[in-house]
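Visitor: First the structure, then my questions, so here it is.
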Amino acid sequence: MSRLNALGSNATGRAAELFAAVKAKLGKVPNAYDAIGSNSPVALEALLNFDAKLADTSLSKREIEVIKLAVSEVSACDYCLAAHTLAGKAAGLSADAILAARRGTPGGDAKLDALSTFVRDVTGSRGTVPAPVVDAVKAAGYTDAQVVDTIFAISSITFTNLVNRINDTALDFPKAPA
(Lines give C-alpha, C1' and ligand atoms only; values in the text may rest on other atoms or scores of the structure.)
Protein backbone atom coordinates (compact mmCIF):
# COMPACT_ATOMS: atom_id res chain seq x y z
CA MET A 1 0.00 0.00 0.00
CA SER A 2 1.36 3.40 -0.99
CA ARG A 3 2.44 5.72 1.79
CA LEU A 4 2.94 8.87 -0.29
CA ASN A 5 0.36 10.99 -2.05
CA ALA A 6 -0.44 9.89 -5.62
CA LEU A 7 -2.65 12.08 -7.78
CA GLY A 8 -2.74 10.10 -11.02
CA SER A 9 -5.27 11.62 -13.41
CA ASN A 10 -6.17 14.27 -10.79
CA ALA A 11 -2.75 15.91 -11.11
CA THR A 12 -2.62 19.55 -12.16
CA GLY A 13 0.04 22.01 -13.25
CA ARG A 14 3.56 20.78 -13.89
CA ALA A 15 2.80 17.28 -12.54
CA ALA A 16 -0.04 16.89 -15.07
CA GLU A 17 2.24 18.05 -17.89
CA LEU A 18 4.93 15.56 -16.91
CA PHE A 19 2.41 12.75 -16.52
CA ALA A 20 1.06 13.48 -20.02
CA ALA A 21 4.59 13.26 -21.46
CA VAL A 22 5.31 10.02 -19.61
CA LYS A 23 1.99 8.52 -20.72
CA ALA A 24 2.70 9.49 -24.33
CA LYS A 25 6.07 7.75 -24.17
CA LEU A 26 5.24 4.69 -22.03
CA GLY A 27 1.50 4.31 -22.54
CA LYS A 28 0.85 4.86 -18.83
CA VAL A 29 2.20 6.69 -15.82
CA PRO A 30 3.93 4.05 -13.71
CA ASN A 31 3.05 4.15 -10.02
CA ALA A 32 6.60 5.14 -9.11
CA TYR A 33 6.45 8.20 -11.36
CA ASP A 34 3.00 9.05 -9.99
CA ALA A 35 4.34 9.02 -6.43
CA ILE A 36 7.38 11.10 -7.33
CA GLY A 37 5.59 13.64 -9.54
CA SER A 38 2.57 14.02 -7.27
CA ASN A 39 4.80 15.06 -4.43
CA SER A 40 7.64 16.77 -6.27
CA PRO A 41 7.22 17.59 -9.94
CA VAL A 42 10.74 19.04 -9.75
CA ALA A 43 12.13 15.65 -8.70
CA LEU A 44 10.23 13.80 -11.44
CA GLU A 45 11.36 16.27 -14.09
CA ALA A 46 14.96 15.95 -12.88
CA LEU A 47 14.72 12.14 -12.91
CA LEU A 48 13.30 12.10 -16.45
CA ASN A 49 16.02 14.48 -17.63
CA PHE A 50 18.66 12.45 -15.78
CA ASP A 51 17.57 9.24 -17.48
CA ALA A 52 17.42 10.98 -20.86
CA LYS A 53 21.04 12.06 -20.41
CA LEU A 54 21.96 8.57 -19.19
CA ALA A 55 20.91 7.31 -22.63
CA ASP A 56 23.60 9.61 -24.10
CA THR A 57 26.45 8.11 -22.06
CA SER A 58 29.08 5.60 -23.11
CA LEU A 59 26.93 2.72 -21.81
CA SER A 60 24.62 0.60 -23.93
CA LYS A 61 20.96 0.05 -23.03
CA ARG A 62 21.84 -3.47 -21.96
CA GLU A 63 24.60 -2.22 -19.68
CA ILE A 64 22.31 0.40 -18.13
CA GLU A 65 19.72 -2.28 -17.41
CA VAL A 66 22.34 -4.59 -15.88
CA ILE A 67 23.31 -1.73 -13.57
CA LYS A 68 19.71 -0.96 -12.63
CA LEU A 69 18.94 -4.63 -12.00
CA ALA A 70 22.04 -5.14 -9.85
CA VAL A 71 21.38 -2.04 -7.73
CA SER A 72 17.69 -2.90 -7.34
CA GLU A 73 18.58 -6.40 -6.17
CA VAL A 74 21.11 -5.11 -3.61
CA SER A 75 18.53 -2.57 -2.46
CA ALA A 76 15.73 -5.18 -2.47
CA CYS A 77 13.39 -2.84 -4.38
CA ASP A 78 10.68 -5.14 -5.72
CA TYR A 79 9.16 -2.34 -7.81
CA CYS A 80 12.37 -1.52 -9.68
CA LEU A 81 13.18 -5.22 -10.09
CA ALA A 82 9.82 -5.67 -11.80
CA ALA A 83 10.17 -2.56 -13.98
CA HIS A 84 13.76 -3.26 -15.00
CA THR A 85 13.14 -6.93 -15.68
CA LEU A 86 10.77 -5.71 -18.42
CA ALA A 87 13.19 -3.00 -19.52
CA GLY A 88 16.04 -5.49 -19.54
CA LYS A 89 14.07 -7.81 -21.84
CA ALA A 90 13.30 -4.85 -24.10
CA ALA A 91 17.04 -4.02 -24.17
CA GLY A 92 17.83 -7.55 -25.34
CA LEU A 93 18.78 -9.29 -22.10
CA SER A 94 17.67 -12.91 -21.78
CA ALA A 95 15.85 -14.14 -18.68
CA ASP A 96 19.08 -15.87 -17.60
CA ALA A 97 21.12 -12.69 -18.11
CA ILE A 98 18.61 -10.70 -16.05
CA LEU A 99 18.82 -13.14 -13.15
CA ALA A 100 22.62 -13.22 -13.43
CA ALA A 101 22.79 -9.41 -13.32
CA ARG A 102 20.63 -9.39 -10.21
CA ARG A 103 22.49 -12.15 -8.42
CA GLY A 104 26.03 -11.43 -9.53
CA THR A 105 26.37 -14.88 -11.06
CA PRO A 106 27.77 -15.79 -14.49
CA GLY A 107 25.25 -15.04 -17.22
CA GLY A 108 27.18 -15.93 -20.35
CA ASP A 109 28.65 -12.49 -21.11
CA ALA A 110 31.90 -11.96 -19.19
CA LYS A 111 31.86 -8.19 -19.66
CA LEU A 112 28.28 -7.78 -18.38
CA ASP A 113 29.08 -10.19 -15.54
CA ALA A 114 32.04 -8.01 -14.52
CA LEU A 115 29.82 -4.92 -14.67
CA SER A 116 27.20 -6.54 -12.44
CA THR A 117 29.86 -7.63 -9.94
CA PHE A 118 31.36 -4.13 -9.91
CA VAL A 119 27.98 -2.50 -9.33
CA ARG A 120 27.08 -4.95 -6.57
CA ASP A 121 30.47 -4.35 -4.90
CA VAL A 122 30.14 -0.56 -5.12
CA THR A 123 26.55 -0.37 -3.89
CA GLY A 124 26.94 -3.03 -1.23
CA SER A 125 29.99 -1.51 0.44
CA ARG A 126 30.96 1.53 2.46
CA GLY A 127 34.05 3.68 2.30
CA THR A 128 36.65 3.67 -0.42
CA VAL A 129 36.07 1.01 -3.04
CA PRO A 130 39.09 -1.31 -3.02
CA ALA A 131 41.45 -0.96 -6.00
CA PRO A 132 41.01 -4.63 -7.07
CA VAL A 133 37.25 -3.99 -7.55
CA VAL A 134 37.98 -1.10 -9.92
CA ASP A 135 40.83 -2.99 -11.57
CA ALA A 136 38.54 -5.96 -12.29
CA VAL A 137 35.90 -3.93 -14.13
CA LYS A 138 38.58 -2.14 -16.13
CA ALA A 139 40.26 -5.49 -16.94
CA ALA A 140 36.90 -6.62 -18.34
CA GLY A 141 37.11 -3.81 -20.89
CA TYR A 142 35.38 -0.87 -19.22
CA THR A 143 36.97 2.56 -19.61
CA ASP A 144 37.28 5.25 -16.98
CA ALA A 145 34.44 7.10 -18.73
CA GLN A 146 32.25 4.01 -18.48
CA VAL A 147 33.09 3.66 -14.78
CA VAL A 148 31.90 7.23 -14.21
CA ASP A 149 28.81 6.64 -16.37
CA THR A 150 28.12 3.51 -14.30
CA ILE A 151 28.12 5.64 -11.16
CA PHE A 152 25.77 8.04 -12.93
CA ALA A 153 23.38 5.14 -13.62
CA ILE A 154 23.70 3.92 -10.03
CA SER A 155 22.64 7.38 -8.85
CA SER A 156 19.49 7.35 -10.95
CA ILE A 157 18.24 3.95 -9.86
CA THR A 158 19.20 4.56 -6.22
CA PHE A 159 16.78 7.50 -6.12
CA THR A 160 13.86 5.48 -7.45
CA ASN A 161 14.76 2.50 -5.25
CA LEU A 162 14.61 4.74 -2.19
CA VAL A 163 11.31 6.35 -3.18
CA ASN A 164 9.74 2.95 -3.82
CA ARG A 165 11.06 1.46 -0.61
CA ILE A 166 9.71 4.39 1.42
CA ASN A 167 6.41 4.47 -0.49
CA ASP A 168 5.97 0.70 -0.69
CA THR A 169 4.89 1.40 -4.26
CA ALA A 170 2.29 -1.02 -5.58
CA LEU A 171 3.51 -3.06 -8.54
CA ASP A 172 1.98 -2.16 -11.86
CA PHE A 173 4.39 -4.41 -13.75
CA PRO A 174 4.58 -8.20 -13.52
CA LYS A 175 6.47 -9.27 -10.40
CA ALA A 176 10.11 -10.13 -11.13
CA PRO A 177 10.97 -13.82 -10.83
CA ALA A 178 12.73 -14.74 -7.61
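The values are calculated or read from the model by the stated rules, or taken from the named source; none is laboratory data. This one's a predicted model, so the numbers in the text were calculated from it and none came from an experiment. Note: ideal-geometry Cβ built from the backbone for every residue, glycine included; neighbour counts use all protein chains shown. These accessible areas exclude ligands, DNA and RNA; they are computed on the full protein's heavy atoms, side chains included. Shrake-Rupley method; radii C 1.70, N 1.55, O 1.52, S 1.80 Å.
Visitor: If R0 is 45 Å, what FRET efficiency do you get for residue 23 and residue 134 from their C-beta distance, rounded to 0.05?
Guide: Once the sixth-power term is evaluated, E becomes 0.65.
Visitor: A further question follows. About its Cα centre, how strong a charge dipole does the chain have in debye, to the nearest 20, once Lys and Arg get +1 and Asp and Glu get -1 at the Cβ?
Guide: 260 debye
Visitor: Sticking with this one: Roughly how many nanometres apart are two label points built 7 Å out from the Cα toward the Cβ at residue 175 and residue 143?
Guide: 4.3 nm
Visitor: Moving to a separate point now. With an 8 Å Cα cut-off and a minimum separation of 6 or more residues, compute the relative contact order for the chain in percent.
Guide: Here the relative contact order equals 31 percent.
Visitor: Which value, in Å² rounded to 10, gives the accessible area of residue 62 with a 1.4 Å probe and all protein chains present?
Guide: Roughly 90 Å² of residue 62 is accessible to a 1.4 Å probe.
Visitor: Within 10 Å, count the other beta carbons around each residue, average over each peptide in 116-122, 94-100, and list them highest first.
Guide: 116-122, 94-100
Visitor: Moving on to the next point. Between residue 168 and residue 86, what is the label-point separation in nm under the 7 Å Cα-to-beta-carbon projection?
Guide: 2.3 nm
Visitor: Determine ³J(HN,Hα), in whole Hz, for all residues of the stretch 104-111 in sequence, where each value follows from phi through the Karplus function 6.51 cos²θ - 1.76 cosθ + 1.60 and θ = phi - 60°; x replaces Gly and Pro.
Guide: Here the 3J(HN,Hα) series is x, 10, x, x, x, 10, 4, 5 Hz.
Visitor: May I ask you to order 68-78, 159-169, 17-27, 104-114 by the average number of other C-beta atoms within 10 Å around their residues, highest value first?
Guide: Most protected by this proxy first, the peptides run 68-78, 159-169, 104-114, 17-27.
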